[in-house]
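Undergrad: My structure is below; once you've seen it, I'll send some questions.
The values are calculated or read from the model by the stated rules, or taken from the named source; none is laboratory data. Remember, predicted model here, so these are calculated numbers, not experimental data. Here Cβ is always computed from backbone atoms with ideal geometry, including for glycine, and neighbour counts include all displayed protein chains.
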């Protein structure tokens, strides 16, 4: 009995240390999420400020036109002064417009970094592990790029088959991971509310679930790499002109999906 006590204390210390590490990791994740929300909020506020400034400039321009500044009726001197004022306004407006477009592009890049959450409803229906299916796009492009040589046709066909096989393998792995994650979150016998055993069990479950989420991130990266490699191999198969047509066709396809989603959201509700 004397020898069992130190081992029990050591086991308890190890459990407490693991719990502390898990708590610190959760706190770090919460802090990172908070900072991300603050950055996005700052972007939105900056965009709103720019919009208000544009509205103010447009109102000033409208008042100037109503007062006849741009239409000189009192001689060359008045015409010269109004012309200088118009030129100064044009320069200022061009500078503001350039800055505004830069901020819009930065905001768009920040939003696009969370691809999936910011997709339209129609686009989300076609999402596969955070993006498009390479094999499906290749099927669409085969009809858009005619005429193809026999060698190009076989190259596109083989690329489509290999992409689909890789997609199927990733889909199976993702399905198994999701099932494992669900089981991790639902397993474990609940103890008395607030008991140390229940807290330790909960923290252990969260630590295991976070490890599985890390594996989930790996699947998303593999899917992104597959999409990138497919486009690169397609570029090697096609001529430069055909590759340009393929990229335009891809952009047109996603633009139509977004337009379809907008029409669906704007439909009359019964």
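Undergrad: Suppose the filter is at pLDDT 85 or above, part of a helix (DSSP H, G or I) and under 21 Å from residue 138 (Cβ atoms); does residue 260 pass it? Show your work before the answer.
TA: Details: at pLDDT 85 or above: yes; part of a helix (DSSP H, G or I): yes; under 21 Å from residue 138 (Cβ atoms): no.
Answer is no for this residue.
Undergrad: Could you please let me know if residue 216 is surrounded by 12 or more Cβ atoms within 10 Å (Cβ to Cβ) and modelled with pLDDT of 85 or more?
TA: Numbers: surrounded by 12 or more Cβ atoms within 10 Å (Cβ to Cβ): yes; modelled with pLDDT of 85 or more: no.
Considered against the rule, which asks whether it is surrounded by 12 or more Cβ atoms within 10 Å (Cβ to Cβ) and modelled with pLDDT of 85 or more, residue 216 comes out as no.
Undergrad: Would a scan of segment 224-239 turn up a residue that is touching a helix residue (DSSP H, G or I) at 6+ places or on another chain (Cβ under 7 Å) and assigned to a loop (DSSP other than H, G, I, E, B)? Even if it seems obvious, please write down each step before you answer.
TA: The initial filter retains those residues of segment 224-239 that are touching a helix residue (DSSP H, G or I) at 6+ places or on another chain (Cβ under 7 Å), namely 226-227, 230, 233-235, 237-238.
Those still in the list that are assigned to a loop (DSSP other than H, G, I, E, B) too: 238.
Within segment 224-239 (the criterion being touching a helix residue (DSSP H, G or I) at 6+ places or on another chain (Cβ under 7 Å) and assigned to a loop (DSSP other than H, G, I, E, B)), the answer is yes, since at least one residue qualifies.
Undergrad: Name the residue, out of 242, 165, that is in the same structural domain as residue 131 (by TED's automatic domain parsing), touching a residue at least 12 places away in the same chain (Cβ under 8 Å), over 19 Å from residue 126 (Cβ atoms) and in a helix (DSSP H, G or I). Give the steps one after another, and end with the answer.
TA: Details: 165 fails: touching a residue at least 12 places away in the same chain (Cβ under 8 Å).
That would be 242, the only listed residue that is in the same structural domain as residue 131 (by TED's automatic domain parsing), touching a residue at least 12 places away in the same chain (Cβ under 8 Å), over 19 Å from residue 126 (Cβ atoms) and in a helix (DSSP H, G or I).
Undergrad: Next question, about the same structure. Which numbered condition trips up residue 201, out of (1) farther than 30 Å from residue 16 by Cβ; (2) surrounded by 14 or more Cβ atoms within 10 Å (Cβ to Cβ); (3) in contact (Cβ under 8 Å) with a residue 12 or more places away in the chain?
TA: (1)
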